[in-house]
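The structure appears right after this line, and notes come after that.
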């Protein structure tokens, strides 16, 4: 009877995750994104003479933007295969990353895709404990990159890293600038604290973090989260056990590949702006620094994939570099880094479902010594 209940719960969870990957969910972010895009183009063309300011773009820098995207996805696929210690095939790694990105693109950034990612690995033949461990490690590595690089750019570009005006409000508005900084520091602090707790629990004392989760949710106003906290604590204990005794070379490769993934992703913006505007080395450094800040802010975006919010934030962060071209460049940026994953998800999701549910992917032999 108990096994039957567990099976029913597993099926319910499986159906819930598959619903979150429903291709029909691309409609909402596309409508939001295209609606905002149309408004920006109309405004720029009619009021700022965008067409007169348009110059023949640099083919070199556009090619570099595409190359940066390929490098980013290539290292993303490599990293997940490496983290699973080659238990995941190259094909499985490709499907996992594409559908993980698709899940992130159709969900608010604040929701994340940890459950979906673990489900994808599980269906690719990796055990439950290992799937949890690898996904949590991925999240911790990503967050550590944000924390470390965010601190560096704040130290090096403290006075310039935040935009000095809000373009859509026609000038400087101290209240909006203060709100932006407050949003960044709040997001940064939450990420840092959460990452520290998860890292301590995953690598040092998972039982203590589980106890802490339960203790915190014992307060009356947090009791509704207690079940979820207990569940996450249990998962942390299971995942921690799967990571015992892994050698240092594993972590070095994981950290380096994570840095290459995010550096390539951020550098796409540098390439796109440089394709239309001449930039100095200092400009490139500041553009990269602002992207770090922008990304931390977008982590708490409430729209699917940050649609609308990302385009508006991009324009305000980079207006000083490209003025009337910024709106257009933001559209190209989203066309390269966002919409392809919506399309890829719609294309590859049915193939993946057929692959794992009907052709039954067999677990690969796990080489834990690597």
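The values are calculated or read from the model by the stated rules, or taken from the named source; none is laboratory data. Note that the structure is predicted; figures quoted are calculated from it, not measured. Positions of Cβ are generated from backbone atoms using ideal geometry, with glycine treated the same way; all protein chains shown enter the neighbour counts.
Which pairs do you get when a residue that is without any contact (Cβ under 8 Å) to a residue 12 or more places away in the chain, found in the stretch 118-147, comes within reach of a residue that is crowded, with 22+ Cβ neighbours inside 10 Å, reach meaning Cβ atoms under 7 angstrom, with the pair 6+ apart or on two chains?
Correct list of pairs: 122/131.
Residue by residue through the stretch 150-180, note down the ones that are out of contact with any strand residue (DSSP E or B) (no Cβ under 9 Å at 6 or more places or on another chain), modelled with pLDDT of 65 or more and surrounded by 13 or more Cβ atoms within 10 Å (Cβ to Cβ).
Correct list: 150, 151, 153, 154, 157, 160, 161, 162, 163.
Each row is one residue, and each column tells you yes or no for (1) modelled with pLDDT under 70; (2) surrounded by 13 or more Cβ atoms within 10 Å (Cβ to Cβ); (3) not in a helix (DSSP H, G or I).
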site: 26; (1), (2), (3): yes, yes, no
site: 43; (1), (2), (3): yes, yes, no
site: 63; (1), (2), (3): no, no, no
site: 76; (1), (2), (3): no, yes, no
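From (1) modelled with pLDDT of 85 or more; (2) within 22 Å of residue 72 (Cα to Cα), pick out the condition that doesn't hold for residue 109.
(1)
So residue 323 ticks every box in (1) at pLDDT below 75; (2) assigned to a helix (DSSP H, G or I); (3) touching a strand residue (DSSP E or B) at 6+ places or on another chain (Cβ under 9 Å) but one. Which box is left unticked?
(3)
Return yes or no: is residue 270 in contact with a strand residue (DSSP E or B) (Cβ under 6 Å, 6 or more places away or on another chain) and either modelled with pLDDT of 90 or more or under 25 Å from residue 157 (Cβ atoms) (or both)?
No: the conditions fail for residue 270.
Does the stretch 85-97 include one or more residues that are in a helix (DSSP H, G or I) and either closer than 14 Å to residue 338 by Cα or modelled with pLDDT under 90 (or both)?
Checked the stretch 85-97: at least one residue is in a helix (DSSP H, G or I) and either closer than 14 Å to residue 338 by Cα or modelled with pLDDT under 90 (or both).
Say we look at the stretch 120-132 and pick out the residues that are in a helix (DSSP H, G or I) and closer than 16 Å to residue 100 by Cα; which of these is modelled with the lowest pLDDT?
Taking the candidates together, the pick is 132.
Give the number of residues within the stretch 229-267 that are modelled with pLDDT under 90 and touching a helix residue (DSSP H, G or I) at 6+ places or on another chain (Cβ under 8 Å).
Result for the stretch 229-267: 14.
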